[in-house]
Amino acid sequence: MRFQVDGTATLSFPTGPRDLDNGQSIEVCPATIGPCANAAFANLNWTRDACNNVATFTEAFPSTGFASLRQFVENTYPLRETLPAGCSSEQGASEVILVGTKVQEIYWNDDTAPEGGFQHGPCELWIDEAVVFQANNCAVAFPTSPATCPVDYLSCYDKCVLRFYAMALTGVYWQAFRQVVKIQRFHSASDRSHSSEMASAESLYSRLIWSWTIAHSNELAASVSIQLRGSAQLSGTIELSVDTSARNTAVTPAPTNLRIV
């Protein structure tokens with residue numbers, strides 16, 4: 001599935017290593033912003049090369065009042081209605097990209113970059129409210145063409161929102177990229193098997209029967225009865241903590257905080 005729009009950069013979700021033909025790609029248009037977007041960048045020298053611009057941007061950014069590139073771009077990126085026709089900054093509400101554990105990476109390719117990949121500037125990738133990766137100069141952090149960015153999808157159990165942000169700090173006018181994508185994590189057979197085993201183990205909590213009596217302060221008698229149904233196997237240890245300083249011959253009620261590790 002490929003979203004055909006007249007963008008200048010492409011965000012790709014491959015189905016296999018270095019597989020750009022069969023994956024899902026979204027072409028993204030940048031918005032043009034400049035130092036006037038925030039007072040922290042005003043009156044600074046932006047006429048040097050892009051690497052110096054990155055250093056200046058990084059040094060001044062803490063004074064912007066924003067904690068992340070995401071916050072900065074979200075507050076300066078124009079409304080979708082004001083973008084040029086055909087530009088994409090947000091995927092359609094009905095479109096969901098399937099991601100999984102086989103390929104833990106995405107590709108970014110800026111057509112205006114000298115050798116593809118990233119131009120000099122920061123980038124961030126978020127899954128819901130977790131930062132997946134962040135770099136002050138993504139052209140240096142991800143130097144390939146297209147740029148190969150590792151992604152850990154483990155924080156997404158089922159359906160999530162992926163947010164990608166990048167800036168190209170070339171000259172006195174900058175390019176800001178923003179893309180919001182709905183994703184759904186594909187669970188392999190091993191993942192589903194592991195989840196099933198965990199569910200089986202958790203179901204044993206209600207089938208543990210405990211009783212013990214304390215005859216003397218230094219003597220403890222305990223009995224454990226485990227009733228199992230089905231063929232689920234449980235391995236591990238059972239932790240029991242008892243204060244034997246109390247002298248009490250009464251039968252103690254079953255503990256309410258039984259924990260299997």
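The numbers here are math on the coordinates, done by the rules we state, and not lab data. Just so you know, these numbers come straight off a predicted model, no measurement behind them. Positions of Cβ are backbone-derived with ideal geometry, glycine not excepted, and every protein chain shown enters the neighbour counts.
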**Distant-in-sequence amide H partners of E105 (H built 1.01 Å from N, under 5 Å)** = V151
**Complete:** Under 5 Å from the placed amide H of A135, counting only residues 5+ away or on other chains, we find C123
**Asked** Can you list the HN-Hα couplings for the range 131-145, worked out from phi with the Karplus curve (6.51, -1.76, 1.60; θ = phi - 60°), rounded to whole Hz and with x for Gly and Pro?
**Response** 7, 8, 8, 8, 8, 6, 9, 6, 5, 8, 5, 10, x, 7, 10
**Request:** Sort 116-125, 32-41 for me by packing, meaning the mean count of neighbouring Cβ atoms within 10 Å per residue, highest on top.
**Result:** 116-125, 32-41
**Asked** ³J(HN,Hα) across the range 40-49 via Karplus (A = 6.51, B = -1.76, C = 1.60, θ = phi - 60°), whole Hz, x for Gly/Pro?
**Response** 5, 9, 5, 6, 9, 7, 10, 9, 8, 6
**Prompt:** What is the gain in length, in nm to one decimal, between K182 and R48 on full extension, counting 0.36 nm per residue of separation less the C-alpha to C-alpha distance?
**Reply:** 44.4 nm
**Request:** Could you order peptides 167-174, 156-163 by the average number of other Cβ atoms within 10 Å of their residues, highest first?
**Result:** 167-174, 156-163
**Prompt:** By how many nm would the segment from Q71 to E129 grow when fully extended, if each residue of separation counts as 0.36 nm and the alpha-carbon distance is taken off?
**Reply:** 19.7 nm
